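Working notes, structure below.
The values are calculated or read from the model by the stated rules, or taken from the named source; none is laboratory data. Fair warning: this is a prediction, and the values are worked out from it, not measured in the lab. Backbone-built Cβ (ideal geometry, glycine too); neighbour counts: all protein chains shown. SASA here: full protein model, heavy atoms, side chains in, ligands and nucleic acids out. Shrake-Rupley method; radii C 1.70, N 1.55, O 1.52, S 1.80 Å.
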Amino acid sequence: MTDRIVSAEVLVTSPGRNFVALKITTAGGVTGWGDATLNGRELAVASYLRDHVCPILVGRDPARIEDTWQYLYRGVYWRRGPVTMAAIGAVDLALWDIKGKVTGQPVYQLLGGAVRERILSYTHATGWDVPALLDAVDATRERGFQAIRVQTGVPGLESVYGVTPDGGTYEPAGRGTGPVEEVWDTDAYLRHVPGALAEVRAHAGPELALLHDAHHRLTPNQAARLGKALEPVDLFWLEDVTPAENQDVLRRVRAATTTPLAIGEVFTTIWEFQQLITEQLIDFVRAAVSHAGGITHLRRIAALAEVWQVRLAPHGPSDVSPVALAGATHLGLATPNFAIQEYMGYPDLTHEVFRHAWTYADGHLHPGDAPGLGVDVDEALAARFPYEPAYLPVARRRDGTLTDW
Ligand code: EZ4
Ligand code: CO
């Protein structure tokens, strides 16, 4: 019997940080949850959904996931872009959740079933100086992680992406009515990082997988130099070396170094990955299941990547909600060329609002076997934490010029 969508509601909540969730309900009484969180621009996606998407979902058949994806992508004319794609991603996640609940299956079963027992994950270790970073790496290994992203402070700078000067948990979005401004110096970073990461490798031994994020800040030549300088460190990957809108420049980086490259957490469609994948300019695709149009679209990106031996490694910071993290773990369990899942972790309150079947143990995630995505949202608790204005920082060079954060 054909079911139909009777409501689609947007929930904005801030249990420790801001999240935008989408709840779709069917006439048969089944509810599905999606994640529409776009860090620092949350209300734009909430409005896109509330004002333009939710009204046209009502009456549609929730089983037609692909058709709804096409309807919201091709049917809108104004396609692509992070706001549009995060909204489509939320609808897609919610519809997969519903299909799972209707059939009594965890979503990974609907995607073809598990191709592995559990999925490798990495988290972040940060230290303002190298001794603090080594301590953080040790503490992170004690939590079971076998893959760790390492970020460190830079002498002469007061704040650096990914690092807290006091060693506390790093959260990029600062609460307040506008962005914090940071001073950035790429030359100081390049002088410091290869030596710091070499010390981490010497301390950790050869087996620990080490990752590092350059966060879009380098020129192609700087990226080539850094990749070469880091070859002895044997990184699992070097992430977002350049602002990758101009993808031709990555040919220069690729020709200069065999350090594996991961790119694309800010990309939202397969078309942004097309050149990077088909020219083998990257090793890992970083798109998030929430930002890149949901499971339906991210698995298509993974399928294209598989042809060129590029692997999927979805973005999983604190701004990718536990709903989208569930989506990523279901997809990861069922996708042969999935490599690793970022798992930054969440504030305790976030786990209380988003009760999830997925689990972390021993450096790995598993989506669990609850039907659908396996995440229930405590709406009463969520309502106690209204949206709080929060922005990602902006970065300026020493002379005041705005640069990539
Ligand atoms: O800066 O998600 O690899 N992870 C990252 C993240 C991003 C934030 C931005 O919202 O680069 O920490
Ligand atoms: Co990143």
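If you check Gly167, Gly112 for being open to solvent by less than 60 Å² (accessible area, probe 1.4 Å) and either in contact with a His (Cβ under 7 Å, 6 or more places away or on another chain) or outside any helix (DSSP H, G or I) (or both), only one passes: Gly167.
When segment 344-363 is limited to residues that are surrounded by 20 or more Cβ atoms within 10 Å (Cβ to Cβ) and more than 16 Å from ligand 1 (Cβ to nearest atom), the one that is farthest from Val310 (Cα to Cα) turns out to be Val353.
Does segment 384-404 contain at least one residue that is open to solvent by less than 30 Å² (accessible area, probe 1.4 Å), of a type outside the set (Asp, Glu) and in contact with a Pro (Cβ under 6 Å, 6 or more places away or on another chain)? Yes, that holds for at least one residue. Of everything in segment 295-351 that is more than 16 Å from ligand 2 (Cβ to nearest atom) and of a type in the set (Asp, Glu), the residue that is nearest to Leu238 (Cα to Cα) is Glu306. Being of a type outside the set (A, V, I, L, M) and crowded, with 17+ Cβ neighbours inside 10 Å holds for only one residue in Gln309, Gln280, Gln275, Gln341, and it is Gln341.
Looking only at segment 277-288, filter to residues that are more than 15 Å from ligand 2 (Cβ to nearest atom) and outside any helix (DSSP H, G or I); which one of those is farthest from Gly332 (Cα to Cα)? Talk me through it step by step, then tell me what you get.
To start, the set of residues in segment 277-288 that are more than 15 Å from ligand 2 (Cβ to nearest atom) comprises 277-281.
If we keep only those that are outside any helix (DSSP H, G or I) too, we end up with 279-281.
Numbers: Glu279: 24, Gln280: 21, Leu281: 22 Å.
Among those that are more than 15 Å from ligand 2 (Cβ to nearest atom) and outside any helix (DSSP H, G or I), it is Glu279.
Report whether or not Leu211 is within 16 Å of ligand 2 (Cβ to nearest atom), in contact with a Lys or Arg (Cβ under 9 Å, 6 or more places away or on another chain), outside any loop (DSSP other than H, G, I, E, B) and under 23 Å from Leu120 (Cα atoms). Considered against the rule, which asks whether it is within 16 Å of ligand 2 (Cβ to nearest atom), in contact with a Lys or Arg (Cβ under 9 Å, 6 or more places away or on another chain), outside any loop (DSSP other than H, G, I, E, B) and under 23 Å from Leu120 (Cα atoms), Leu211 comes out as yes.
Could you check how many residues of segment 168-190 are farther than 18 Å from Asp213 by Cβ, in contact (Cβ under 8 Å) with a residue 24 or more places away in the chain and not acidic (Asp, Glu)?
We begin by selecting, within segment 168-190, every residue farther than 18 Å from Asp213 by Cβ; these are 168, 174-181, 183, 187.
Next, from what is left, pick out any that are in contact (Cβ under 8 Å) with a residue 24 or more places away in the chain: 174-181, 183.
In the following step, the residues that additionally are not acidic (Asp, Glu) were identified as 174-180, 183.
Total satisfying the criteria: 8.
The requirement of being farther than 20 Å from His356 by Cβ and open to solvent by 10 Å² or more (accessible area, probe 1.4 Å) is fulfilled somewhere in segment 84-95, by at least one residue. No other residue among Val193, Val183, Val266, Val241 is open to solvent by 50 Å² or more (accessible area, probe 1.4 Å) and within 16 Å of ligand 1 (Cβ to nearest atom) apart from Val266. Of all residues in segment 23-37, those being small (Gly, Ala, Ser) and crowded, with 24+ Cβ neighbours inside 10 Å number 3. Only residues in segment 22-47 that are of a type in the set (D, E, K, R) count as the first member; pair them with residues that are more than 16 Å from ligand 2 (Cβ to nearest atom) and in a loop (DSSP other than H, G, I, E, B), Cβ under 7 angstrom, at least 6 apart or cross-chain, and list the lot. Matching pairs, first to second residue: Asp35/Ser321; Glu42/Asn18; Glu42/Tyr387.
Does at least one position in segment 138-155 carry a residue that is part of a helix (DSSP H, G or I) and under 22 Å from the mean Cα position of the chain (by Cα)?
First, pick out the residues of segment 138-155 that are part of a helix (DSSP H, G or I): 138-142.
Next cut, under 22 Å from the mean Cα position of the chain (by Cα) only: 140-141.
Checked against the condition, which is being part of a helix (DSSP H, G or I) and under 22 Å from the mean Cα position of the chain (by Cα), segment 138-155 yields at least one hit.
Among the residues making up segment 214-238, those that are more than 16 Å from ligand 1 (Cβ to nearest atom) and part of a loop (DSSP other than H, G, I, E, B) are Thr219, Leu230, Asp234.
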